[in-house]
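J.: Quick one: this structure, given as structure tokens, is what I'll be asking you about.
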Amino acid sequence: MADDLVFYTSPMSRGRIVRWMLEEVGRPYRTELVGFGPAMKAEAYRAINPMGKVPALTHGATVVTECAAILTYLADAFPEAGLAPEPAARARGDYYRWLFFCAGPVEAAVTNTVLGVTVPDDPRKRGMVGYGSLEAVLDTLEGAVSGREFIAGERFSAADLYLAAHLGWGMQFGTIPRRPAFEAYADRHAARPAAVRAREIDDGLLAQQAAS
Ligand SMILES: N[C@@H](CCC(=O)N[C@@H](CS)C(=O)NCC(=O)O)C(=O)O
């Protein structure tokens, strides 16, 4: 049923990551656009995401928020799409590792750097910072994607999607420095037909918004 999956988003947001995933899954879904500002903070939308943020997904009565959680949920809910290693596979280790690394250290390091949040130069305090430093996060990611087609096992998964989306978006907007290994990895996955479709849909919505 088309209404079973409802995707709450804004076309210029992290919702673009979830759109790509929905296009990979290939099941019908309905898009609900939520405007930044009052609409996103209104009681009606906060009944779905109390954070008043996009993206969010409902699947029948199930509500999922947080990009990484939505991707992982969709991969498990629709296993026929083949977007996660088998539950008992060793590749699950890498799959969880890089999904969580991206949702935690990568997100925090990039956001704090963009906002100019600095970590005190005291080793005891520095050690409390989960991401260490942006440089450490980027070097770790570079090592992880170098010379490797997929981040978990032998095929594309939601972890590749999440990582490639972050790297692509970050390099496009200058929040992640360009490195050849990042470009090769992000560009390769961004060329997937589902990624191209997702960009076309969101860019079309942006153009409509600009024209209205
Ligand atoms: N941790 C959340 C972050 C969601 C988020 O911050 N979304 C931004 C758009 S990219 C948003 O809704 N901002 C509007 C606001 O906070 O008012 C996730 O991964 O989904």
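J.: In a shell of Cβ-Cβ distance under 15 Å around SER13, excluding SER13 itself, what net charge do Lys and Arg (+1) and Asp and Glu (-1) give?
T.: +1
J.: Once amide H atoms are built 1.01 Å from N in the peptide plane, which residues 5 or more positions from VAL34, or in another chain, come under 5 Å H to H?
T.: So VAL34 has HN proximity to THR9, SER10.
J.: Considering only the other residues whose Cβ falls under 11 Å of the Cβ of ASP160, what net charge follows from Lys and Arg at +1 and Asp and Glu at -1? Don't skip to the end; give the middle numbers.
T.: On the way: positive: ARG148, ARG155, ARG188, ARG192; negative: GLU24, ASP94, GLU149.
Result for the neighbourhood of ASP160: +1.
J.: Can I ask one more? For the chain, what's the relative contact order in percent, using C-alpha pairs closer than 8 Å and at least 6 residues apart? Before the final figure, lay out the partial values.
T.: On the way: 260 pairs, mean separation 47.4, N = 212.
Relative contact order here is 22 percent.
J.: Can you work out the FRET efficiency for the pair PHE173 and GLU200, with r the C-beta to C-beta distance and R0 = 25 Å, to the nearest 0.05?
T.: It comes out at approximately 0.80.
J.: Neighbour counts of other C-beta atoms within 10 Å: give me VAL114, VAL25, VAL6, VAL54 arranged from fewest to most.
T.: Fewest-to-most ranking of VAL114, VAL25, VAL6, VAL54: VAL114, VAL6, VAL25, VAL54.
J.: Consider just the alpha-carbon atoms of region 5-82 and return their Rg together with their Dmax, both in angstrom.
T.: Final numbers for Rg and Dmax: 11.9, 38 Å.
J.: If the viscosity is 1.567 mPa s and the temperature 4 °C, what translational diffusion coefficient in µm²/s does Stokes-Einstein give for the chain when Rh comes from Kirkwood over Cα pairs? Write down the numbers at each step before the final one.
T.: Working: Rh = 18.1 Å.
Diffusion coefficient, whole number: 71 µm²/s.
J.: Spelling out what I want: for every residue of region 171-188, take phi, set θ = phi - 60°, compute 6.51 cos²θ - 1.76 cosθ + 1.60 (Karplus), and round to whole Hz; glycine and proline get x.
T.: Once rounded to whole Hz, the list reads 5, 5, 9, x, 8, 10, x, 6, 9, x, 5, 5, 5, 4, 5, 5, 5, 4.
J.: Here's another thing I want to ask about it. Exactly which trypsin sites (Lys or Arg not before Pro) in region 20-119 are in a DSSP loop and have at most 16 other Cβ atoms within 10 Å?
T.: Numbers: sites: ARG30, LYS41, ARG46, LYS53, ARG90, ARG92, ARG97; in loops: LYS53, ARG90.
Those satisfying the criteria are ARG90.
J.: Work out from phi, with θ = phi - 60° and the Karplus expression 6.51 cos²θ - 1.76 cosθ + 1.60, the ³J(HN,Hα) of each residue of region 31-46, listed in order in whole Hz, and give x for Gly and Pro.
T.: Residue by residue, region 31-46 yields 9, 10, 7, 10, x, 4, x, x, 5, 6, 9, 6, 4, 4, 7, 5 Hz.
J.: Please give the charge dipole size of the chain, origin at the Cα centre, charges +1 on K and R Cβ atoms and -1 on D and E Cβ atoms. Round to the nearest 20 debye.
T.: 300 debye
Read-outs throughout are calculated quantities, based only on the coordinates presented, and are distinct from any laboratory measurement. No experiment lies behind these values; they were computed from the predicted model shown. Ideal geometry is used to build each Cβ from the backbone, glycine not excepted, and the neighbour counts take in all protein chains shown.
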